[in-house]
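I have placed the structure first, in the form of structure tokens, so that the comments after it can refer back to it.
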Amino acid sequence: MALSIKKGDNVIVIAGKDKGKSGKVLSSNPAKSTVVVEGVNEITKHVKPRSAQQQGGIVKENGPINVTNVMLLCPVCNKGVRYTVKTEEGENGKKVRICKKCGAVLDFKVEEAKPAKKKTVRKKSAKKAEESAEVAENAEVAVATEEAPKKKTVRKKSAKTEEAVATEEVKTEAKKPVRKKSAKTADETSNA
């Protein structure tokens, strides 16, 4: 069963403990014929912490209220009113809810929620022109950077890299072959 009250409507409570309060509809449940209205039928819940980040405690929430206990609030009459549905004239032909007393339109949500979307269409020639302009700018920047002297950046070596270089030097020195004097050359030098 479809409800006559939608999410986002301004309503006034006509029956129950919160009679006379008004607010915006936060959600509607057609299966149970209930709506949740902002600031109406506040209930307290005791919540346990479910994780380390979530805190427990007493939380106030808006509870559901029966649809028959609320009426649409007319912004012109400032009362709960009955409404009629009419189709708009023109291209759209959308159905609109209208106040029976003053004839004011009650569907403001539809008009405000959907602004006209602008479609941006880029032509290929314009895109190519932009790319060629970027290429020309990059060429000018490249010429300017070639004329200017380039700065050399010197990296500081960390302690780990210095140790690694030192150990590599030690290893390379250890790998070098050590020339041993042959027996003949040793005998000749001793005899001489």
**Item:** Enumeration of residues in segment 17-43 that are farther than 13 Å from Gly63 by Cβ and hydroxyl-bearing (Ser, Thr, Tyr)
**Value:** Ser22, Ser28, Ser33
**Message:** Which of the numbered conditions does Val40 fail, given that it passes all the others? Conditions: (1) surrounded by fewer than 19 Cβ atoms within 10 Å (Cβ to Cβ); (2) part of a loop (DSSP other than H, G, I, E, B).
**Reply:** (1)
**Asked** Just checking, how many residues over segment 82-109 are modelled with pLDDT under 75 and under 19 Å from Met71 (Cα atoms)?
**Response** 2
**Request:** Can you give me the number of residues within segment 45-72 that are surrounded by 14 or more Cβ atoms within 10 Å (Cβ to Cβ) and either on the phi > 0 side of the Ramachandran plot or part of a helix (DSSP H, G or I) (or both)?
**Result:** 2
**Asked** Does at least one position in segment 57-65 carry a residue that is of a type in the set (Val, Ile, Thr), at pLDDT 90 or above and over 32 Å from the mean Cα position of the chain (by Cα)?
**Response** yes
**Among (1) outside any strand (DSSP E or B); (2) among the charged types (D, E, K, R); (3) in contact with a strand residue (DSSP E or B) (Cβ under 6 Å, 6 or more places away or on another chain); (4) farther than 22 Å from Leu3 by Cβ - the single one Lys101 does not satisfy** = (4)
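The values are calculated or read from the model by the stated rules, or taken from the named source; none is laboratory data. Quick caveat: nothing in here was measured; it's all calculated off a predicted structure. Neighbour counts are summed over all protein chains in view; Cβ atoms, including those assigned to glycine, are modelled from backbone coordinates with ideal geometry.
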